[in-house]
Every structure is written in C-alpha cells, then in structure tokens.
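Notes for the one structure printed next.
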Amino acid sequence: MKNITLDISKVFDVVGRNEIYSQQNEIGKHYKTLLQKTGKGNDFLGWVNLPSSVNPKLIKDIETSAKKIRDIAEVVIVIGIGGSYLGARAVIDALSNPFSAMDNKRKNPYIIYAGNNLSEDYHTELLELLDKKDYAVIVISKSGTTTEPAIAFRLIKNHIEEKYGKEKAKDRIIAVTDKTKGALKKLSINEGYTTYDIPDDVGGRFSVLTPVGLLPIAIAGIDIKKLVAGASSAEKDLCETDDIDNNPAVLYAITRNLLYQKGKHIEILTNFQPHLQYFTEWWKQLYGESEGKENKGIFPAGVNFTADLHSMGQYIQEGLRNIFETVISIEQPKKKLFIPYDKENLDELNFLAGKGIQEVNKMAELGTMIAHVDGNVPNIKITIPLLNEESLGALIYFFEFACGLSGYMLGVNPFDQPGVEAYKKNMFALLDKPGFEEQSKIIKTRLE
Ligand code: PA5
C-alpha cells in the first residue's frame, strides 16, 4: 500500500503468526459486512467511500471560502468538540510550523480552538485576545446542540457583532452543521451565514474529510486536494482485498484484537514527532468512542516521545504488563538539520557531530522498541515516508477503516456513542434545564 507500511513482527512473542492467519475467514466476514454496509451502525458508513467521492466542486468552494477568510483574518477561531475539531487540529498541527504564532510575517492565519471546554478562564482570556485581533469564526457542530460549542459561539457571536457590527460580522462567520436540522442550522438560516453541510451518514469522529475538517484545514493553508488524494489512494487499496498479506488495515485490526484477547488491554499510540500530538488525540477518540462499549474494548492511550520517555517511560518499561504499543514512524524529516561540531566538547557530543537529528531520533525509536519488546510490550510499527498531506490522508483513512473492522471483530457497533449522553443528562439536571426535572430530583437526593 502506498504511503503506509505495517510491521507486526514484534508481537510474535505474544501473538503467533499462525494465530493471525487463522483469523482470515473471520475478518473476511467483517470486511464484507463493512463494504456491503450490512452490519451494525450501517447508516453511518458514509466515510467508507468518502475520499473517492468528494465532489471537486465542494473542494473548490471550500478553497474559495478559505481564501476569503484568510484575506480578512489574522486569527481564526475553530469552535467544535470531539469529532467536530480533533480531525482538523490533528492535520493542522501535523503540517504547520508550531512557532508561527510568534511569526509576524506568517502567511496563514493563526488557528485557535474553542468550544472544547467549559473553562471560564479560557473563554475570558480568549475574548481579551480577540479585542486586539482581526478574526473570523468557523463554528462546527453536527447536532447543532452540543453545549460546549454552543456556549463558546454565543460568547464569540456577541463579541464579533460588537466589534464589526452585525452585518459585517456575517462575512466572518461560517457554520458547518447538519443539512436541515439543529439549532445551529436554524440560527445560520436566520442570520444568513455561509454554511457547509455534514453528510447524514458520516459520524463526528469519521468526518475529517468532510467540510468539518477540510474548511479549517484549508484556512490554515494546507492543500486539501492532496489530503483527499492520499485518503482516496488508501481507500482504493484497502477496499480492494481482505487478504491479510495485502491489506495492512486488516492485519492491524486482527493483531490488536488478538493482543487484547491475550490481556493486552491498553494500546499506546506512540510518536517521535511533536507535530503528531493531536493526531494521537484524534486517534484516541476514534478508537475509544468506537470500541469502548458493552464493558469491553482496548483503552486507547497516547505518548509523545522522546519527551514522555522521561515521564511515562518507566511505567511502559516495568509497570503492569497489560499494554502494547503502536508506533507511528516517519522515515524522513521535512528538512535536514545537522548537529554541529564543538571545539570544547564539554557535553561530549562530538561523536554525533555531522549527523542529522533525525538519525539520533531514529536510534532513540529503535532503542525504545527493543527495550519495550524486551519488557514484554509488544510493538506494532506503522511507517509513513514523510509527514505531508498525502501520507496523512492515507493514515487517516487507514485508521478509520481498521477501526470499523476492529469494532466488528470485537462485536460492538463502532459507529454509535450512547455512553456520551450519561454526563450530559446529569449536568443538565444539575443546571435545572427544563425537561430534566425527574433526573434532577434523583441526582439531588443522591448528593444529599
Ligand atoms: O464522534 C462524535 O460523534 C462526537 O465526538 C461528536 O463529534 C461530538 O460530540 C460533537 O458533536 P457535535 O458535532 O454534534 O457538536
């Protein structure tokens, strides 16, 4: 498969090659169910053929809207939570210079995220910044009723209308939401905002290749055509065959499920590239919300190496042996940077002089893999050639496809998230929201 190589040879101490191949028939059934859309959650499978069916007109339209926003705003607030922001943030952080906030000559607007928390301090500080900046807002919510983004948008709508006047503010607001229903859709029609639709059959955590992700990503100056092309090429490869040897998503889904059955209940997604921190957050939501059901599922965790080798490394090496690691390995840096020679050599690093930092990072990666495998932490390695739009698009689709298969192997519906409602019900009851009187009584009695 182009852009992605999977190596599972470092799990063989725990899961044998034969055990993996014995799953071919089983996975074949789930593969068919996924592609023929006959399984659980089949009304949320729009993402399967999404990359190859993204309308070029939509891409053009998004690029035009993105340019308009880029021309008028130095800061863009992306309001959304969960699947309505993590995909965009994963791609933007992966492909942008993290220091651009401090660069007065930067070409692209600086993206700030809101609507993903209920911190009063965060919102106060954000509004203080917005007093001083030329900005625009992208508000994203599929249901259009989620509390966190709705509160953030209420605050920012007031601010932007006060700052620019109600009419001019409209040119600075774009909503991405359901085609027909929800409070955000209604508000957008009433106010006359530009809107983009989220397809009915694509759930939040699978929506990065819809306007949910594509609009903010385009505003950040990233080539969305290439991102979609990378995903589309992965779709072609992964939808072609269920053969374990020729479909890395099939192999990944089987391997992680067998590790789970052997008591490896935690999967740690590992990177050696700080740009991938939010890619891990996106992956955590994808797998956690898809599989954590019916009292089962691998717990998806994440670490950022080498930083976390100095914090979590001890646990991974010698703590409870219920974990396995999946490493995202990047073959080449975007640009080479060599370690300089130093005459004094007080740090005794001259043995590294002339080597690229990537070479040192690669040896840290290899050394860590050997140490952790020796410590009984099986290791799955996913390699991409370079951190760019194409490989990231492929990686997104690869993980989505494997997630669907993996959830079916586990026996759950990977495309719903009923458990997310529990906290909301209690919060609304505690806040005396009309309609929650019964729950309010129950909860208040419990708290007495
Ligand atoms: O994957 C999901 O469905 C969720 O994480 C949602 O994306 C998240 O709860 C936000 O929902 P909404 O877009 O309706 O505001």
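The values are calculated or read from the model by the stated rules, or taken from the named source; none is laboratory data. If you're wondering where the values come from, they're calculated on a predicted model, not measured in any experiment. Here the Cβ is made from the backbone with ideal geometry for all residues, glycine too, and neighbour counts use every protein chain on show. Remember, those area values only see protein heavy atoms, side chains included, never the ligands or the DNA or RNA. Shrake-Rupley method; radii C 1.70, N 1.55, O 1.52, S 1.80 Å.
A few remarks follow.
- Residue in the range 191-214 that is surrounded by the most Cβ atoms within 10 Å (Cβ to Cβ), counting only those that are in a helix (DSSP H, G or I) and away from the ligand (no atom under 14 Å from the Cβ): LEU214
- Scanning the range 160-190 for residues that are assigned to a helix (DSSP H, G or I) and either within 16 Å of the ligand (Cβ to nearest atom) or open to solvent by less than 30 Å² (accessible area, probe 1.4 Å) (or both) turns up ILE160, ALA169, ALA183, LEU184, LYS185, LYS186, LEU187, SER188.
- Residue in the range 15-30 that is away from the ligand (no atom under 16 Å from the Cβ), in contact with an Asp or Glu (Cβ under 7 Å, 6 or more places away or on another chain) and in a helix (DSSP H, G or I) present: yes
- Within the range 64-115, restricting attention to residues that are among the polar types (S, T, N, Q) and open to solvent by 40 Å² or more (accessible area, probe 1.4 Å), the residue that is nearest to ALA169 (Cα to Cα) is THR64.
- Helices (runs of 4 or more DSSP H) completely within the range 272-383 that count 2 or more residues being under 25 Å from PHE398 (Cβ atoms) and either in the same structural domain as GLY16 (by TED's automatic domain parsing) or out of contact with any strand residue (DSSP E or B) (no Cβ under 6 Å at 6 or more places or on another chain) (or both): 277-291, 357-374
- Residue selected from the range 266-321 under the condition more than 21 Å from SER391 (Cβ to Cβ) and polar (S, T, N, Q), by the criterion surrounded by the most Cβ atoms within 10 Å (Cβ to Cβ): SER290
- Check on ILE151, open to solvent by less than 10 Å² (accessible area, probe 1.4 Å), within 14 Å of the ligand (Cβ to nearest atom), not in a loop (DSSP other than H, G, I, E, B) and not aromatic (Phe, Trp, Tyr): no
- Selection within the range 120-141 - in contact with a helix residue (DSSP H, G or I) (Cβ under 7 Å, 6 or more places away or on another chain) and polar (S, T, N, Q): SER141
- Pairs are defined by a Cβ separation below 9 Å, a sequence spacing of at least 6 or placement on different chains, a first member in the range 337-362 that is under 19 Å from PRO385 (Cβ atoms), and a second member that is β-branched (Val, Ile, Thr) and part of a helix (DSSP H, G or I); the pairs so defined are LEU337/ILE357.
- Per the listing LEU95, LEU86, the residue uniquely among the hydrophobic types (A, V, I, L, M, F, W, C) and within 16 Å of the ligand (Cβ to nearest atom) is LEU86.
- Every pair of residues 6+ apart whose Cβ atoms lie under 6 Å, when the first sits in the range 142-166 and is over 16 Å from LEU129 (Cβ atoms) while the second is part of a helix (DSSP H, G or I) and charged (D, E, K, R): GLY144/LYS185
- ILE396 being more than 17 Å from ALA229 (Cβ to Cβ), among the aliphatic types (A, V, I, L, M) and in the same structural domain as GLN317 (by TED's automatic domain parsing): no
- Residue-level check: of (1) under 30 Å from ARG106 (Cα atoms); (2) more than 16 Å from the ligand (Cβ to nearest atom); (3) buried (at least 21 other Cβ atoms within 10 Å of the Cβ), ALA229 misses just (3).
- Here ILE140, ILE151 are screened, and the one residue that is within 20 Å of LYS68 (Cα to Cα) and among the aliphatic types (A, V, I, L, M) is ILE140.
- Filtering the range 411-448 to residues that are in contact with a Phe, Trp or Tyr (Cβ under 8 Å, 6 or more places away or on another chain) and open to solvent by less than 20 Å² (accessible area, probe 1.4 Å) leaves PRO414, PHE415, ALA429.
- Just one residue in the set ALA73, ALA66 is in contact (Cβ under 8 Å) with a residue 40 or more places away in the chain and touching a helix residue (DSSP H, G or I) at 6+ places or on another chain (Cβ under 6 Å); that residue is ALA66.
- Some residue of the range 157-175 being polar (S, T, N, Q) and under 23 Å from TRP283 (Cα atoms): no
- Those residues of the range 124-145 which are surrounded by 18 or more Cβ atoms within 10 Å (Cβ to Cβ) and at pLDDT 95 or above, in sequence order: LEU126, LEU130, TYR135, ALA136, VAL137, ILE138, VAL139, ILE140, SER141
- All of (1) open to solvent by less than 40 Å² (accessible area, probe 1.4 Å); (2) under 16 Å from LYS142 (Cβ atoms) hold for ALA218 with one exception: (2).
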